[in-house]
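What follows draws every value from the coordinates through simple rules; no lab data is involved. From a predicted model like this one, the values you see are computed outputs, not experimental measurements. Reconstructed Cβ throughout: ideal geometry from the backbone, glycine too, with neighbour counts over all protein chains shown.
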Amino acid sequence: MMRLILLGGPGAGKSTQSKFLCEKFQLQRVSVGDILRQAIADQTELGKQAESYVNEGKLVPDTLIIDLMRDRLTQPDMNNGWVLEGYPRTAFQAEELDFLLDDLQQTLNKAIYFKVPEQVLSERSQARGLTDDTPEAIRERLKAFWESTEPILDYYAPRQKLLVVDAGQEIKTVSEILVNELG
């Protein structure tokens, strides 16, 4: 049973490696964005609550996100383990997630931080060619990422839950490091 969190800046390789890890270890990929969209599409009670925030372009409150996570992490397909991508985004959310996991009698194995030099993140983001990947937008996203992520790393490190991986390397090399560290 493996439960993992993937952390890293835009372009660090989280999506690529989460797909790899899910395939390799038969884990479920959990994305907060996907959970939100599904709950809204299904018009669940939580989905209806979240929809008003999304429609107004506001951030969905942490309490509602935790309720959505509780709902998702208790579904039968999660029994073999999971990979959380894009959550937690703050140290507060990391702590709330820990409380939730305690409550569910689940244990986080590792928070994996894909460490990539800022210049490489910037180059990778520009290479994706998405319309919102302007140099200025990328700089802003990276700034926001560093401000929110450092406290998360400081949260997991003393708990012996943090695995830092040099993700500036080839995809295959990063995948091999992950298998060696986790498998």
So how far apart, in nm, are the two label points at Tyr53 and Lys19 if each is 7 Å from Cα heading toward Cβ? 2.9
Structure-based [θ]222 nm, the chain - -39500 (n - 2.57) summed over DSSP H runs of at least 4, per residue, nearest 500: -18000 deg cm²/dmol
Simple spin-label estimate for Gln119/Leu101, 7 Å along Cα→Cβ, in nm, reads 3.5
Three-way shape label, region 31-88, alpha-carbon gyration tensor, a/c 1.5: prolate
So if I place +1 on the C-beta of Lys and Arg and -1 on the C-beta of Asp and Glu, and nothing else carries charge, what would the dipole magnitude of the chain be about its Cα centre? I want it in debye, nearest 20. 440
Sort out the exposed loop GluC sites (Glu not before Pro) in the chain (DSSP loop, at most 11 other Cβ within 10 Å) and tell me the longest stretch that has none. 57-169
Per the C-alpha gyration tensor (a ≥ b ≥ c, the square roots of its eigenvalues), the chain is rounded if a/c is under 1.5, else prolate if a/b beats b/c, else oblate; here it's oblate
Within the set Ala50, Ala41, Ala12, GNM on the chain using Cα springs under 10 Å gives the largest fluctuation to Ala41
Low-density loop trypsin sites (Lys or Arg not before Pro), region 53-86, at most 12 other Cβ within 10 Å, DSSP non-H/G/I/E/B, are Lys58
Where the centre of each part is set by its Cα atoms, how far does region 77-93 sit from region 7-58, in angstrom? 9
Compute a Gaussian network model of the chain, connecting alpha carbons closer than 10 Å, and tell me which residue from Pro61, Pro151, Pro117 fluctuates the most. Pro61
Met1 versus Met78: modelled label distance in nm, points set 7 Å from Cα along the beta carbon direction: 1.3
